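Nothing in this text is a laboratory measurement; each read-out follows from the coordinates by a stated rule. Note that the structure is predicted; figures quoted are calculated from it, not measured. Glycine gets a Cβ as well: all are built from the backbone with ideal geometry, and neighbour counts include every protein chain shown.
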Amino acid sequence: MLSISPTYLLYYVPLLVAISLVYGGTRHEDMRLVLRHAAYTAYWITAFMGLIFVVLLIMGLFV
Amino acid sequence: MADRSESVIEVDGRRIDLRNRPLAALLAWLLPGGGHFYQRRHAKGTLYLVCILTLWIVGFSIGGVHVVYASRHAGDHRWHYYLQIGAGAVALPALVQTRRINQYTSPRTGVTSDEYEPLWGGFMAPPHRPVSEEKTDQVSAWYARHGAGYEMGTWYTMIAGLLNLLVIYDAYAGPLGIPISGRKRKDEADTPAQIPS
């Protein structure tokens, strides 16, 4: 199904953590709110990337 | 003397003194989180420092420590560096290395002299010139040696630089969406937030 090694997906983890936390940090001052915002951002990014993945996967079935 | 209240804002129920905002922004650029430490926002300063420098170091390492260099030479315009330098002082050695290699590269032929030796064991040094897509050169050797790590390392360091731009803004003006003057604090001090029904 994947044309690359699944271990390559590990590259995604540090990016996701750093981007989510920094973005959350630039929206709030309270660390609890920062973490909550970061979790929401991580969830949103992952869902979006997952959606793109599914779209490309479906396109790949027809090409 | 500047009115201190102009640098004070309130966010999430906390008063923040942004102090000298341009200085804080400069410090934030030099060292991710540095501006926040200056403003005594230690928790956020630590968060930024750890996140951005970790991303930077991981990217730099998986790219074989060759992903950050500055070059505007023909065939090797390293535009990625414009984003990488957003991370501040950690990217500055590349400028020193570029200055050095330029001294050993003929402007007429574009070829680096055999006498050239990069500083610090080649840390952030540009590749020997000429560099071109048609021929094997030092850049293609880096790609061959590190594979996807070279690409990802470049992305990591670029994203670290971009994230630090957000951090610089946060140091200068506070969290996004919050006015940089103290108006919001004064207005909201007496009036609790209204929740629309």
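One table, with the values for the structure above:
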| quantity | calculated |
| --- | --- |
| Cα-based equivalent ellipsoid of chain B: semi-axis lengths in Å, sorted from largest, via gyration tensor | 44, 17, 13 |
| For segment B:34-112 and segment B:141-180, distance of Cα centres in Å | 11 Å |
| Filtered trypsin sites (Lys or Arg not before Pro), segment B:19-68: DSSP coil and at most 11 other beta carbons within 10 Å | B:40 |
| Chain A - percent relative contact order, Cα under 8 Å, separation 6 or more | 24 percent |
| Under Karplus coefficients 6.51, -1.76 and 1.60, residue-wise ³J(HN,Hα) of segment B:47-52 in Hz, glycine/proline x | 4, 5, 4, 5, 4, 6 |
| Global form of segment B:1-100, assessed from the alpha-carbon gyration tensor, a/c cut-off 1.5 | prolate |
| Tensor-based shape of the protein assembly as shown (alpha-carbon gyration tensor, a/c under 1.5 rounded, otherwise prolate or oblate) | oblate |
| Cα gyration tensor shape of segment B:72-127, rounded if a/c is under 1.5, else prolate or oblate by comparing a/b with b/c | oblate |
| Cleavage-rule hits (trypsin sites (Lys or Arg not before Pro)) in segment B:105-173: DSSP loop, at most 14 neighbouring Cβ within 10 angstrom | B:108, B:135 |
